[in-house]
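These notes are about the structure you will find just below.
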Amino acid sequence: MKFTLNSNKLNPLTAMRLAGYHPDRFGKSYIRRLSGGDFPRFHVYLKEDLGNIELNLHLDQKGACYQGSTAHSGDYDGDVLEAEKERILYILK
């Protein structure tokens, strides 16, 4: 699920931390866990463009199934993601 934020007031790291996310171990995306384990978790990729931040949000249900693979079970739309999108937008107003 993709959506856009106006980022004139916040840098991406600050914005995502306010929304409860932390950088992944590679520093290329942000994660918010839904339980004490690694999965399920919300996973967001950011792209900055002319004062806006485009967020690409999905829900990782579990990790990669095969060693060396990045393929995983994820949800890319639906009510849970819509609710998370609205939560992020509300927090960052």
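Miscellaneous remarks
- For the stretch 26-35, the condition holds for no residue, the condition being that it is farther than 15 Å from Ile88 by Cβ, outside any loop (DSSP other than H, G, I, E, B) and in contact with a Leu (Cβ under 9 Å, 6 or more places away or on another chain).
- Top-ranked residue in the stretch 7-43 [being under 15 Å from Lys85 (Cβ atoms) and not aliphatic (A, V, I, L, M); ranked as surrounded by the fewest Cβ atoms within 10 Å (Cβ to Cβ)]: Gly20
- Residue, modelled with the highest pLDDT, within the stretch 1-44, restricted to residues that are within 16 Å of Asn56 (Cβ to Cβ) and of a type in the set (D, E, K, R): Arg32
- Unmet requirement for Ala64, which otherwise passes all of (1) within 14 Å of Lys2 (Cα to Cα); (2) of a type in the set (A, V, I, L, M); (3) at pLDDT below 90: (1)
- For the stretch 36-57, residues that are of a type in the set (D, E, K, R) and outside any strand (DSSP E or B) total 1.
The values are calculated or read from the model by the stated rules, or taken from the named source; none is laboratory data. Being a predicted model, the structure only gives us computed values, none of them experimental. With ideal geometry, Cβ positions are generated from the backbone for all residues, glycine too; neighbour counts draw on all protein chains shown.
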